[in-house]
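Asker: The structure that follows is given in the form of structure tokens.
Quick note: the coordinates plus some simple rules give every number you see, no bench work behind them. All values derive from a computational prediction rather than experimental measurement. Quick reminder, even Gly has a Cβ in these numbers, built from the backbone with ideal geometry, and neighbours come from all protein chains shown.
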Amino acid sequence: MTHMHVAGSAHAEAASPAPVWLDMPADANALSPAVWSSQARRRADGALEIAGVEAEELARRFGTPLYVLDEDDFRSRARRWRTAFDPWTVYYAGKAFLSAKVARWVAEEGLCLDVCSLGELTLALRAGTDPARIGMHGNNKSAAELRAGVEAGVGRVIVDSYDEITRVESIAEELDTTVKVMVRVTTGVEAHTHDYIATAHDDQKFGLSVNGGAALVAMMRCYHSPRLELLGVHSHIGSQIFDTNGFEVAARRALKLFAQFREATGQLMGELDLGGGFGIAYVESDSPASAEELAQGLREIVDHECRGFGLEPPRVSIEPGRAIVGPAGTALYRVGTVKEVDVGGGHTRHYLAVDGGMSDNIRPALYGADYSAAVANRASEAPPVLSRVVGVHCESGDILVRDAFLPADARIGDLIAVPASGAYSRSMASNYNHTPRPPVVAVRQGAVETLLRRETLEDMLALDEGL
Ligand SMILES: Cc1ncc(COP(=O)(O)O)c(C=O)c1O
């Protein structure tokens, strides 16, 4: 599970199938500010509105599934992270969700942008992002990707392997230029998160390990290369992390490299990037630290470790994605079928099958991620019952919300809203079962703007050369 609570069927009250972290709500219509975007509320008639726009109206106009981004919520989180971490540099991690308009919001709020593919890079450049404010990631960047980045003049390439150092050098040679690079290092820290999203332990594909000297060798290669300008070291320890504990060890091990580098070269390394991975609340019991708490904690860690190594504190950067866009997004689905399933021990679970699923949000199937849900088109007086929101795909793991208390009268035609859906849902969407990917609209002060239109069947079928 990606939230920080022990889930399972061992509920204190005998055999209830509800996980221990999920309490029966006093009111299933309530929208907890912990998980809903700041402009989400119920109107007097009980219907959900986001930034002054009724969810049902959006669903009718754009169809479902639909992703709704609360623009003011996104912008205020972006500002909050930038201000809390000032004067550190904040890169918004575009992999969480990126569109041209989002890239412009990011720039307008004073953040830089982290991209990790040719697609994200091209989108950012076409959206008008200043290349100097782009950081380019990826564990296996192709020559084409690197050339595009170098030709555009990206501010930094985060090199991930010796092979990539060679590749960047030869592209820089070919284009007769120099490239600013950071070396991605793994510090051996196992962030307390799902295996697939923990990225700094040694036995995985990212970066070069500080253990055994691989990271230092890479730094020395970059430092001595006439075509590369070594800016610093990059360490990203994982995702959906709630506190600063893992960062403390990672910063210590990364800064030890700074000390070793100074010993070897007599030079001070300029910058440490601590990556992203700051967690958000997907369910009410999740309690991530605030941007301000994290900023203070990380500052203290960096200062303390620098003192320990007798180093001048370097410039620092971070790369939050989910923490900015996650809470700003709400997914809307229409209920198509309802089943009451006997789960044993005298308990039942309501299965609400909706018109989306793992093709638009793979996280529950991929990581066992938990989400919350609410009936969005109306308030209900019915008692809350344990429910599961499932999709339309041919997999029993096609679950969107594994456990939520929803009104017992949730029925066909109801609109289900899933908060905290802005990150790694639409951006990881697939065409599984030949399903077109849903649109994303932004809402702000009663106005609606399309960020991504719905993919059509014709869009998809146009790829099939046999038709
Ligand atoms: C290098 C790097 N930076 C930043 C992020 C963003 O992580 P998050 O969206 O959890 O903040 C990721 C996520 O995978 C990443 O790999």
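Asker: May I ask you to compute the full-extension gain from Tyr351 to Arg61, defined as 0.36 nm times their residue separation minus their alpha-carbon distance, rounded to one decimal in nm?
Answerer: 101.8 nm
Asker: Now a separate question. In debye, nearest 20: dipole of region 1-159 around its Cα centre with unit charges on the Cβ of K, R (+) and D, E (-)?
Answerer: 580 debye
Asker: Explain nothing, just the number: dipole magnitude of the chain about its Cα centre with +1 on each Lys and Arg Cβ and -1 on each Asp and Glu Cβ, in debye rounded to the nearest 20.
Answerer: Taking the Cα centre of the chain as origin, the dipole is about 540 debye.
Asker: To continue, here is another question. Summing -39500 (n - 2.57) over the DSSP H runs of n ≥ 4 in the chain and dividing by its residue number, what mean residue ellipticity at 222 nm do you reach, to the nearest 500 deg cm²/dmol?
Answerer: -8500 deg cm²/dmol
Asker: Okay, next question. Which order do the peptides 256-268, 109-121, 374-386 come out in when sorted by mean C-beta neighbours inside 10 angstrom, highest first?
Answerer: Descending mean neighbour count gives 109-121, 374-386, 256-268.
Asker: Which is farthest toward the positive dipole end of region 19-139 among Ala96, Val115, Leu66, measuring Cα position about the Cα centre, with Cβ charges +1 (Lys, Arg) and -1 (Asp, Glu)?
Answerer: Val115
Asker: Moving on to the next point. List the residues, sorted by chain then number, that are 5 or more residues from Gly135 or on another chain and whose placed amide H is less than 5 Å from its amide H.
Answerer: Hits under the 5 Å cutoff: Leu113, Asp114, Val115.
Asker: Could I ask something else about it? With axes computed from alpha carbons, what is the tilt in degrees of helix 291-309 against the longest principal axis of the chain, rounded to the nearest 10 within 0 to 90?
Answerer: With both axes taken from Cα atoms, the answer is about 30 degrees.
Asker: Return the lysines within reach of Lys95: Cα separation strictly under 17 angstrom, same-chain partners fewer than 8 residues apart disregarded; answer none if there are no such residues.
Answerer: Counting by Cα, and skipping residues close in sequence, Lys95 has these lysines nearby: Lys141.
Asker: I've got another one for you. Can you list, largest first and rounded to whole Å, the semi-axes you get for region 91-135 by taking the square root of 5 times each eigenvalue of its Cα gyration tensor?
Answerer: They are 13, 10, 10 Å, listed from largest to smallest.
Asker: Treating region 87-322 as a set of equal point scatterers at the Cα positions, no solvent, please give the Debye-formula log₁₀ I(q)/I(0) at q = 0.09, 0.10, 0.13 Å⁻¹.
Answerer: After summing over all Cα pairs, the log10 values are -0.35, -0.43, -0.75.
Asker: Moving on. So how tilted is helix 143-152 from the main axis of the chain? Cα-based, degrees 0 to 90, rounded to 10.
Answerer: It is inclined by approximately 80 degrees.
Asker: Working only with C-alpha atoms, what are the Rg and Dmax values of region 298-405, expressed in angstrom?
Answerer: 21.2, 64
Asker: Taking the dipole about the Cα centre of region 87-322, with the C-beta of Lys and Arg at +1 and of Asp and Glu at -1, give me whichever of Ala295, Gln260, Ala132 is farthest to the positive side.
Answerer: Value computed over the given set: Ala132.
Asker: If you don't mind, another one. Roughly how tilted is helix 162-174, in degrees to the nearest 10 and between 0 and 90, from the longest Cα axis of the chain?
Answerer: The answer is roughly 70 degrees.
Asker: Here's another thing I want to ask about it. Suppose every Lys and Arg Cβ carries +1 and every Asp and Glu Cβ carries -1, with no other charges. What dipole size does region 214-275 come out with about its Cα centre, to the nearest 20 debye?
Answerer: Values: 6 positive and 6 negative charges, 51 e Å.
Charge dipole of region 214-275: 240 debye, to the nearest 20.
Asker: Once the Cα atoms of the chain are picked out, what are the Rg and Dmax in Å?
Answerer: Rg, Dmax (Cα atoms, Å): 23.2, 73.
Asker: Let me ask something additional. What FRET efficiency comes out for the pair Ala26/Asn245, r = Cβ-Cβ distance, R0 = 22 Å, nearest 0.05? Please report the intermediate quantities before stating the final value.
Answerer: Working: r = 33 Å, r/R0 = 1.52.
The computed FRET efficiency comes out at 0.05.
Asker: In the neighborhood of Val233, defined by Cβ-to-Cβ distances under 11 Å, what is the net charge if each Lys or Arg adds +1 and each Asp or Glu adds -1?
Answerer: Neighbour charge sum, excluding Val233 itself: +1.
Asker: Here is a follow-up. For the charge dipole of the chain, defined by +1 on Lys and Arg C-beta atoms and -1 on Asp and Glu C-beta atoms about the Cα centroid, which residue among Ala18, Ile318, Ala55 has the Cα displaced farthest towards the positive pole?
Answerer: Result: Ile318.
Asker: Here's something else I'd like to know. With θ set to phi - 60° and the Karplus curve 6.51 cos²θ - 1.76 cosθ + 1.60, what are the ³J(HN,Hα) couplings of region 103-115 in order, to the nearest whole Hz, using x for Gly and Pro?
Answerer: With coefficients 6.51, -1.76 and 1.60, one gets 4, 6, 4, 4, 5, 5, 8, x, 9, 8, 10, 9, 10 Hz.
Asker: What's the local net charge at Gly153, with K and R +1, D and E -1, over the other residues with C-beta under 14 Å away?
Answerer: Result for the neighbourhood of Gly153: 0.
Asker: Using only the Cα atoms of region 8-137, each taken as one equal point scatterer with no solvent, compute I(q) by the Debye sum, divide by I(0), and report log10 of the ratio at q = 0.09, 0.16, 0.18 Å⁻¹.
Answerer: The Cα Debye sum returns log10 ratios of -0.42, -0.94, -1.02.
Asker: Antiparallel versus total DSSP beta bridges in region 87-322: what percent is that, nearest 5?
Answerer: Working: 1 of 29 bridges.
Among the beta bridges of region 87-322, antiparallel pairing accounts for roughly 5 percent.
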